[in-house]
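In what follows, a structure is listed as structure tokens, so that the remarks can point back to it.
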Amino acid sequence: MISVVIPVYNEAENIPVLFDRLKAVLEKLNVPFELIFVNDGSADNSEEVITQLSRKNSEVKYINFSRNFGHQIAVSAGLDYAHGDKVVIIDADGQDPPELIEKLYLKSLEGYEVVYAQRIRRQGESMLKRATARWFYRLMKRITQIPIPVDTGDFRIIDRKVVDQLNNMPERHKFLRGQIPWVGFRQTSVEYNREERLSGETGYSYRKMIRLALDGITSFSNWPLRLATLSGFLFAFVGFLLILYTLYARFFTTDYEPGWASQMITIIFLGGIQLIGIGIIGEYISRMNDNIRNRPLYIVKDSNIKE
Ligand code: UDP
Ligand code: MG
């Protein structure tokens, strides 16, 4: 069986269209399937739309969260509930073309546990969004050891073996784009053109994007911490040279400056560096704290799936 996990946040208008397209492509594949809509606390009538669909179609399953928990958590919940031996993760807004599932599935049958959909073109997204996404994936590539594929969202097909591993990962700050490559096995990609949203607006504000980026970096790289240490050493060394120079100027020459400007610059600059260092450490510690607290990752209001 193939399970399709669809995170939903205010997508009422897109769901019926998506459903028809998914159904068409999955029926063509001739394997049983289930569609798991994870309603991540939508404020519109997505919930009613999904419930309606589920009445008429037994393949439609739903999980309603008690509030908005975020995209990555919605996908994780879908993976927890999925029964399929292959699972597709796809956005609800039509940006990931469902028709590509056929290609993903056939590729996975060649013996790949993970087949990514890698976008070669993105349409209808702002320049800033495309640029930040581009920089982010390239930065991740440099500062982590795991091969996170560039320009890849969560649209992919993964094998049950990988799903089980993901469900066993206890971390709360999910970054599936890093966790899936980390798992290993045989992974490959197929290319596609990213389309425009069918309707509605992105649920990913810059705020959410920054949070996702920080989760990705702190989960998979200690490089920022090392950077803080390195800059500390660098400035301590420069400071030491300055001390030598000051002592020399004070005792062996007559023309030493009152030096107000240089002092202010040093204090402000070093103050800034120190705050950055503390901030970086804070990012890691707050995540440790979240993990220790061990609250449930999400709260399900209701669902038609038996676990
Ligand atoms: N989404 C979600 N919770 C959120 C934000 C988004 O479940 O808090 C869903 C959304 O409905 C969509 C997918 O995650 O199916 C991707 O979100 P979106 O299209 O808004 O992001 P973008 O494509 O702009 O990066
Ligand atoms: Mg989208």
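Tabulated data for the structure shown
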| quantity | calculated |
| --- | --- |
| The range 29-144 shape via C-alpha gyration tensor axes, a/c threshold 1.5 | oblate |
| Three-way shape label, the range 3-45, alpha-carbon gyration tensor, a/c 1.5 | oblate |
| Charge dipole (the chain, unit charges on Cβ, about Cα centre) - positive-most of A77, I285, V88 | I285 |
| Largest-first ordering by accessible area, 1.4 Å probe, given options R142, R197 | R142, R197 |
| Dipole-positive endmost among Y112, P147, L22 within the range 1-147 (Cβ charges, Cα centre) | P147 |
| Within the chain, percent of DSSP bridges classed antiparallel, to nearest 5 | 30 percent |
| Counted charge near G70, where neighbours are those whose Cβ lies closer than 12 Å (Asp, Glu -1; Lys, Arg +1) | +4 |
| Most to least packed among 10-21, 163-174 [average Cβ atoms within 10 Å] | 10-21, 163-174 |
| Surface accessible to a 1.4 Å probe, per residue, for the residues of the chain, Å² | 55 Å² |
| Carbon + sulfur, % of accessible area of the chain - ligands and nucleic acids excluded, 1.4 Å | 59 percent |
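The values are calculated or read from the model by the stated rules, or taken from the named source; none is laboratory data. Here the structure is a predicted model, which is why all the values come from computation and not from measurement. For neighbour counting, all protein chains shown are included, and Cβ atoms are generated from backbone atoms with ideal geometry for every residue, glycine included. Quick note on the areas: whole protein, heavy atoms, side chains included, nothing else; ligands and nucleic acids left out. Shrake-Rupley method; radii C 1.70, N 1.55, O 1.52, S 1.80 Å.
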